[in-house]
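K.L.:
Take this structure first; my questions come after.
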Amino acid sequence: MPLMSTFTYDLTLAGLSVGSAAALTGIGLIVTYRATGVLNFAHGAIAMVCAYVLRQCVVGWGWPLWLGAVVTLLFLAPGIGVALERFAFRPLAVLGGDPAQTLVASIGVFVLLVGGAALVWGQGARDDAPELVPADPWGSWRWCSCWPPESGR
């Protein structure tokens, strides 16, 4: 396959990945706001903590990726959401808090989660994240007769 064609496929995959992440973030913010009336700025920090916990389970403790994903997505993420709703946002709603108070509370949760992650896992990015997509993501499409054949590059 020509180098430019491979580059185009790589950019397509990167664009779809980034666009999907942005769309999911926006949908999550809107669903949270419509369901609870809280514009939760800690949304990204919750996702960050879940990603660090998934990395800890798979890389740090040697769990299989599927088990770490199940624990993170089915137990940890909803657990964080329930804890925030019960202990941060519902008390403000019961007291008749205005939107500014819930906004400040969500920013406080954001700062707490980012600071806690920095204390537990240290600052900076990690280069040993679990591999969610194989190194050649387009290789899994080779079975499709419409996919361009592999050429020696």
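The values are calculated or read from the model by the stated rules, or taken from the named source; none is laboratory data. Keep in mind that what you see is a predicted model, and the values were worked out from it rather than measured. Note that each Cβ is placed from the backbone with ideal geometry, even for glycine, and that neighbours are counted across all protein chains shown. For the accessible areas, the whole protein counts, side chains as well, though only heavy atoms, and no ligand, DNA or RNA atoms are used. Shrake-Rupley method; radii C 1.70, N 1.55, O 1.52, S 1.80 Å.
K.L.:
Residue check: is Leu39 assigned to a loop (DSSP other than H, G, I, E, B), open to solvent by 70 Å² or more (accessible area, probe 1.4 Å) and among the aliphatic types (A, V, I, L, M)?
P.N.:
Details: assigned to a loop (DSSP other than H, G, I, E, B): yes; open to solvent by 70 Å² or more (accessible area, probe 1.4 Å): yes; among the aliphatic types (A, V, I, L, M): yes.
So Leu39 passes the test.
K.L.:
Follow-up question, since we're still on this one. Filter the range 12-30 down to the residues that are surrounded by fewer than 11 Cβ atoms within 10 Å (Cβ to Cβ) and among the hydrophobic types (A, V, I, L, M, F, W, C) and list them by number. Quick ask: steps written out before the conclusion?
P.N.:
Keep residues of the range 12-30 that are surrounded by fewer than 11 Cβ atoms within 10 Å (Cβ to Cβ), which gives 14-16, 18-20, 22-23, 27.
Residues satisfying the conditions are Ala14, Leu16, Val18, Ala22, Ala23, Ile27.
K.L.:
Could you give me the residue pairs with C-beta distances under 7 Å whose first residue belongs to the range 81-102 and is without any contact (Cβ under 8 Å) to a residue 12 or more places away in the chain, whose second residue is in a helix (DSSP H, G or I) wherever it lies, and which are 6+ apart or on separate chains?
P.N.:
Qualifying pairs under 7 Å: Gln101/Leu92.
K.L.:
Out of the residues in the range 76-92 meeting the condition of being open to solvent by 70 Å² or more (accessible area, probe 1.4 Å) and more than 16 Å from Leu112 (Cβ to Cβ), tell me which one is modelled with the lowest pLDDT.
P.N.:
Of the range 76-92, the ones open to solvent by 70 Å² or more (accessible area, probe 1.4 Å) are 82, 86-87, 90.
Of the ones still in play, those that are also more than 16 Å from Leu112 (Cβ to Cβ) are 82, 90.
Details: Val82: 93, Arg90: 87.
Here the answer is Arg90.
K.L.:
Okay, next question. Identify the residue in the range 52-75 that is free of Cβ contacts under 8 Å to residues at least 24 places away in the same chain and of a type in the set (A, V, I, L, M) and, among all such residues, is surrounded by the fewest Cβ atoms within 10 Å (Cβ to Cβ). Can you show your working first?
P.N.:
Of the residues in the range 52-75, the ones free of Cβ contacts under 8 Å to residues at least 24 places away in the same chain are 53, 57, 60-64, 66-67, 69-75.
Next, from what is left, pick out any that are of a type in the set (A, V, I, L, M): 53, 67, 69-71, 73-74.
Details: Val53: 21, Leu67: 12, Ala69: 17, Val70: 13, Val71: 16, Leu73: 12, Leu74: 10.
Per the criteria, the residue is Leu74.
K.L.:
Let me ask something else about it. Hey, any hits in the range 34-53 for a residue that's more than 16 Å from Ile107 (Cβ to Cβ) and touching a Cys at 6+ places or on another chain (Cβ under 8 Å)?
P.N.:
No, the range 34-53 contains no residue that is more than 16 Å from Ile107 (Cβ to Cβ) and touching a Cys at 6+ places or on another chain (Cβ under 8 Å).
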